[in-house]
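**Q** Okay, here's the structure, questions in a sec.
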Amino acid sequence: MAKRTKKRTIVGSPLMPDMLKELGAVRGFPLPSGDFAPDTNWEHTYRIWTCHGYRESGNDNVGYLRIRRTANSSEQLTLDVYQTVVQSDALVNIVEAKVKCRKNPLASPIAWELESRFVDADNNELPQLRCRENSRVTGAADTTSDWCLFEAVQRLAFDRQTSLSFNLLEGLSLSKSGQHLFYRGVYPTKIPGADRLHCFVQLGSGILPTEYWLDDSHRLLAVTSMNKAYIFDAESEKIIERRIEDVRRSYRKNKGLKRK
Amino acid sequence: MSDGRRQKRQSSDLLSRREFVKLGGSAVAIMSGGVLTNKDAGARRARQPKPKNILIIITDQQHIDTIAAGGCHHVRTPALDRLTKRSVSFAQSYTPNPLCSPARSAVLTGRTSSECGVHVNGRSIRSDIPNLGQWFSEQTDYETFYAGKWHLPRTYTGNIPGFKVINTGIGGFGYLCDTVMSRACQGFLRNWSKRKPFLLVASFMQPHDICEWLRLNMENPGRLRYPELAGELPELPDNFQFDENEPEAIRRRRAGNEPFRGKAKWNKEHWRYYRWSYYRNIEHLDAEIGRILQALEDRGHTNDTLVVLTSDHGEGMAHHQMVRKSSFYDEAVKVPLLFAWPGHISENRTDTTHLVSGLDIMPTLCDFAGIRAPANMRGVSLRAALEGNGGLTRDFIVSEVSSNTGRMVRTQGYKYITYRKDPVEQLFDMKNDPGETKNLATSSQHASTLAEHEKLLKHWERRLDVAPKVPNTDAWWYLERS
């Protein structure tokens, strides 16, 4: 019998919001309950979705990112970051960070504590892989991090004059200089809950072009960068916890192990 | 084929004395298995210093000319620059096979991909050939660890023979995968007891994300997606055009690639944007490598660790209008190969003379670890060349591809390419035509050169112990043209 091959269609075009919908990564964005005020306290959760470049297969939710903003004073704010990424064989990486930021246009980090840890298929932590960092940036008002930009971009004006140049401290650890963020414009979408979205673009060394998509109330709904998207989704945590359970179950089944 | 028939065939294929002299004395090494025999080898190994630790960095799809310190003007690669400055880097370094799994099988065993039984992606290494982890676990005190892409057969797995897997990676997505993997390596290095020697393989996915980029940018938008980049786009290479009369395998590969599959053919700007994007993936890779090297330094291991960096294969980069891999053009088949061990290996030196192969990594590491290499290595130890104590007596290297149908022989002067059952051969004068633009295979002036290279290949093939079930093997025994 001839081997049946699964049809795979190349996506062909970049991951704009409508493409995310076409590929099933987004069904809709929740309508805001009341006005969103980016300058106040809020918590946003983003599903991390990756695309293999085919329409039918290889695209998946691989984690989530939760950012909680607390306004400390007129000059400072705190971001609590929590990111979970599911790897093959049910290994899970958790990164937690508490970042004190300037309330400047870049939300430049002043001080932070970061911890990376891994748990195995039995939910046991692997202490030999744990890593903690406590760092401080001095006099670096022109520096920010990718997570801080999730906050900062929501406070920027939708104006073609908006343009920032900075150095990036990706994941609060990897230095990537020569970054540029600017307002690109507003784009109509077919996504329920977002008739149109505003777009900021980030270009620079060490990153693929990154697009930040915001609704009229300045709420960040999606971040896309080549084959990766962060999608605003209050259900993210549940979706990923379910996925972790599924991959663990599947891993144990393949290994012939019983659940502890 | 019966043994008698095979012996007869081998006998008739032996090099003549004249040909032997022409090739140089290194033919002895080649004919005796690629390993220079030395009675004192064991004693010499025991006397030489050993690195306390070994860190092997494998990247995925890294073009050889992608390091700023190596002369690439399109990237910022501070981590690779630092590593380059304390390394010997080989400018004539070739992968044993310009495809992921086959290349990895060869690099990690020192045997060709067809011998390993990994002629295509997603196959296991034949069980009677030990991989680096298995060999070092048996023969040395190094504890062997692996992080990231494996692909033999599973791409990402917690189960790799001979290694304790500290991180599995995530299928297909370098940007996320490498970040998590390098964090795991960082944690490992920071927490590792300083007293115990380790061998760690950190196997990155990047810059392989260019494959996803190609699928997500296949359609030529007709204008630059980010006009702000117009002044930054790298120029097209000099050998952007291609020869219409190439072997069919190459023509088919090109036609199947995204630049030729979309609704509209790519314009030059889109090609240049592809090159620009590839370089950004390189920079991402660089930063993640930097995280690991920094952790090594933070723990005071820089001076007692032998660091090796290589890639499974290169990237087309628009040369000959190729993207991705699986061709024998230099862009796909040449790979970075760096060795660093401060105080023991020359620093900041580019070796432009020696032809080296990923097959050499296993015997080289065995040499540094003070152990004999497994039997039938197809590569040689580079230790003497790295320490500045002499050169390699080797005249050619071989690479294979396309499900055991394609072979490349690279000598100092020429590159010869042949595919089974394809009458089109390629011969390039690599000194006068490094861009591989003029195929000399049909030039009567180069007939003897072609014949010499065919003969080299014939002798190489005859030594191989190709794994059962690898297709197209018999054809290589005879090397008869169809």
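The values are calculated or read from the model by the stated rules, or taken from the named source; none is laboratory data. Because the structure is a prediction, the values reported are computed rather than measured. No Cβ is skipped: glycine too gets one built from the backbone with ideal geometry, and neighbour counts run over all protein chains shown.
**Q** If I go through the range A:111-136 residue by residue, how many of them are more than 13 Å from every other protein chain (Cβ to nearest Cβ) and buried (at least 16 other Cβ atoms within 10 Å of the Cβ)?
**A** So the count comes out to 1.
**Q** Among the residues of the range A:230-242, is any without any contact (Cβ under 8 Å) to a residue 24 or more places away in the chain and among the hydroxyl-bearing types (Ser, Thr, Tyr)?
**A** No - not one qualifying residue is present in the range A:230-242.
**Q** Report the residue count in the range A:14-28 for those that are surrounded by fewer than 17 Cβ atoms within 10 Å (Cβ to Cβ) and more than 13 Å from chain B (Cβ to nearest Cβ).
**A** 4
**Q** Is there any pair with a first residue in the range B:107-118 that is farther than 19 Å from B:ASP367 by Cα and a second that is in a helix (DSSP H, G or I) and among the basic types (Lys, Arg) whose Cβ atoms are under 6 Å apart and which are 6 or more apart or on different chains, and what are they?
**A** Listed by first residue and then by second, the contacts come to nothing, as the list is empty.
**Q** I need the full set of residues from the range B:439-464 which are in a loop (DSSP other than H, G, I, E, B) and either surrounded by 14 or more Cβ atoms within 10 Å (Cβ to Cβ) or among the aliphatic types (A, V, I, L, M) (or both), in order please.
**A** Of everything in the range B:439-464, those that are in a loop (DSSP other than H, G, I, E, B) and either surrounded by 14 or more Cβ atoms within 10 Å (Cβ to Cβ) or among the aliphatic types (A, V, I, L, M) (or both) turn out to be B:ASN439, B:LEU440, B:ALA441, B:LEU464.
**Q** Ok, one more. Restricting to the range A:191-216, name every residue that is within 12 Å of another protein chain (Cβ to nearest Cβ) and part of a loop (DSSP other than H, G, I, E, B).
**A** Listed by number, the residues that qualify are A:GLY204, A:SER205, A:GLY206, A:ILE207, A:LEU208, A:PRO209.
**Q** Is the range B:215-222 home to any residue that is of a type in the set (A, V, I, L, M) and out of contact with any helix residue (DSSP H, G or I) (no Cβ under 6 Å at 6 or more places or on another chain)?
**A** Among the residues of the range B:215-222, at least one is of a type in the set (A, V, I, L, M) and out of contact with any helix residue (DSSP H, G or I) (no Cβ under 6 Å at 6 or more places or on another chain), which makes the answer yes.
**Q** I'd like the full set of residues that are in contact with a Lys or Arg (Cβ under 9 Å, 6 or more places away or on another chain) and surrounded by fewer than 18 Cβ atoms within 10 Å (Cβ to Cβ), limited to the range A:202-246.
**A** Of everything in the range A:202-246, those that are in contact with a Lys or Arg (Cβ under 9 Å, 6 or more places away or on another chain) and surrounded by fewer than 18 Cβ atoms within 10 Å (Cβ to Cβ) turn out to be A:ASP216, A:GLU235, A:GLU237, A:ILE239.
**Q** Run down B:LEU189, B:LEU224 and say which single residue is crowded, with 23+ Cβ neighbours inside 10 Å and touching a residue at least 24 places away in the same chain (Cβ under 8 Å).
**A** Selected residue: B:LEU189, the only one of B:LEU189, B:LEU224 that is crowded, with 23+ Cβ neighbours inside 10 Å and touching a residue at least 24 places away in the same chain (Cβ under 8 Å).
**Q** When you go through B:LEU176, B:LEU216 one by one, which is the residue that is surrounded by 20 or more Cβ atoms within 10 Å (Cβ to Cβ), closer than 26 Å to A:LEU203 by Cα, at pLDDT below 95 and more than 23 Å from the chain's Cα centre (by Cα)?
**A** None of the other options fit; the residue is B:LEU176.
**Q** Which of the strands (runs of 3 or more DSSP E) contained wholly in the range B:276-370 include at least 2 residues that are crowded, with 21+ Cβ neighbours inside 10 Å?
**A** Result: B:305-311, B:337-340.
**Q** Then there's this: Find the residue count for the range A:89-133, including only residues that are of a type in the set (A, V, I, L, M) and more than 15 Å from B:THR179 (Cα to Cα).
**A** 10
**Q** Sticking with this one: Would you mention how many residues in the range B:208-220 are in contact with a Pro (Cβ under 9 Å, 6 or more places away or on another chain) and more than 7 Å from every other protein chain (Cβ to nearest Cβ)?
**A** The number of residues fulfilling the criteria is 2.
**Q** Where in the range B:125-221 are the helices (runs of 4 or more DSSP H), entirely inside, with at least 1 residues that are closer than 24 Å to A:LYS228 by Cβ and in contact with a strand residue (DSSP E or B) (Cβ under 8 Å, 6 or more places away or on another chain)?
**A** By residue number, B:174-191, B:210-216.
**Q** Search the range B:84-103 for residues being within 18 Å of B:LEU382 (Cβ to Cβ) and polar (S, T, N, Q), and hand back the single one that is surrounded by the fewest Cβ atoms within 10 Å (Cβ to Cβ).
**A** Ranking the candidates gives B:GLN92 first.
**Q** Taking B:ALA147, is it touching a Leu at 6+ places or on another chain (Cβ under 6 Å), free of Cβ contacts under 8 Å to residues at least 60 places away in the same chain and buried (at least 22 other Cβ atoms within 10 Å of the Cβ)?
**A** No; evaluated as a whole, the condition is false for this residue.
**Q** Go through (1) under 30 Å from B:GLU258 (Cβ atoms); (2) out of contact with any Asp or Glu (no Cβ under 7 Å at 6 or more places or on another chain) and name the single condition A:LEU31 misses.
**A** So the condition that A:LEU31 fails would be (1).
**Q** Select the strands (runs of 3 or more DSSP E) contained entirely in the range A:1-87, then report the ones holding at least 3 residues which are free of Cβ contacts under 8 Å to residues at least 40 places away in the same chain and farther than 30 Å from B:HIS270 by Cα.
**A** A:60-71, A:76-86
**Q** Is it fair to say B:VAL398 is crowded, with 21+ Cβ neighbours inside 10 Å, within 21 Å of B:LYS85 (Cα to Cα) and of a type in the set (A, V, I, L, M)?
**A** no
**Q** Could you count how many residues in the range B:243-275 are more than 13 Å from chain A (Cβ to nearest Cβ) and outside any helix (DSSP H, G or I)?
**A** 7
**Q** Quick one: A:VAL247 ticks every box in (1) within 12 Å of chain B (Cβ to nearest Cβ); (2) free of Cβ contacts under 8 Å to residues at least 60 places away in the same chain; (3) more than 18 Å from A:VAL26 (Cα to Cα) bar one, so which box is it?
**A** If we test A:VAL247 against (1) within 12 Å of chain B (Cβ to nearest Cβ); (2) free of Cβ contacts under 8 Å to residues at least 60 places away in the same chain; (3) more than 18 Å from A:VAL26 (Cα to Cα), just (2) comes out false.
**Q** Among the candidates B:ARG154, B:ARG183, B:ARG190, B:ARG111, which residue alone is more than 10 Å from every other protein chain (Cβ to nearest Cβ) and among the charged types (D, E, K, R)?
**A** Going through B:ARG154, B:ARG183, B:ARG190, B:ARG111 in turn, just one is more than 10 Å from every other protein chain (Cβ to nearest Cβ) and among the charged types (D, E, K, R): B:ARG111.
**Q** For the range A:137-187, enumerate the residues that are within 12 Å of another protein chain (Cβ to nearest Cβ), at positive phi and not in a loop (DSSP other than H, G, I, E, B).
**A** Within the range A:137-187, A:GLY178 is the sole residue that qualifies.
**Q** Also, I was wondering about something else. Being within 22 Å of the chain's Cα centre (by Cα) and of a type in the set (A, V, I, L, M) is the filter here, so list the residues in the range B:43-75 that pass it.
**A** B:ILE54, B:LEU55, B:ILE56, B:ILE57, B:ILE58, B:ILE64, B:ILE67, B:ALA68, B:ALA69, B:VAL75
**Q** List the residue pairs whose Cβ atoms are under 7 Å apart, where the first residue sits in the range B:53-75 and is over 19 Å from B:ALA202 (Cα atoms), the second is aromatic (Phe, Trp, Tyr), and the two are 6 or more positions apart or on different chains.
**A** Listed by first residue and then by second, the contacts come to B:HIS74/B:TYR279; B:VAL75/B:TYR279.
**Q** Can you pull out every residue in the range A:190-216 that is among the small types (Gly, Ala, Ser) and touching an Asp or Glu at 6+ places or on another chain (Cβ under 6 Å)?
**A** Scanning the range A:190-216 gives A:ALA194, A:SER205, A:GLY206.
**Q** Moving to a separate point now. Quick check on A:ASP142: is it surrounded by fewer than 20 Cβ atoms within 10 Å (Cβ to Cβ) and acidic (Asp, Glu)?
**A** Yes.
**Q** Restrict the check to the range A:97-117 and report whether at least one residue is touching a Lys or Arg at 6+ places or on another chain (Cβ under 6 Å) and either under 30 Å from B:ARG261 (Cβ atoms) or touching a residue at least 60 places away in the same chain (Cβ under 8 Å) (or both).
**A** Taking every residue of the range A:97-117 in turn, none turns out to be touching a Lys or Arg at 6+ places or on another chain (Cβ under 6 Å) and either under 30 Å from B:ARG261 (Cβ atoms) or touching a residue at least 60 places away in the same chain (Cβ under 8 Å) (or both).
**Q** Since B:ILE282 meets every condition but one in (1) within 19 Å of B:ARG76 (Cβ to Cβ); (2) away from every other protein chain (no Cβ under 14 Å), which condition does it not meet?
**A** (2)
**Q** Suppose we filter A:ALA71, A:ALA90, A:ALA97 for residues that are away from every other protein chain (no Cβ under 14 Å) and of a type in the set (Gly, Ala, Ser); which single one remains?
**A** After ruling out the rest, the residue left standing is A:ALA71.
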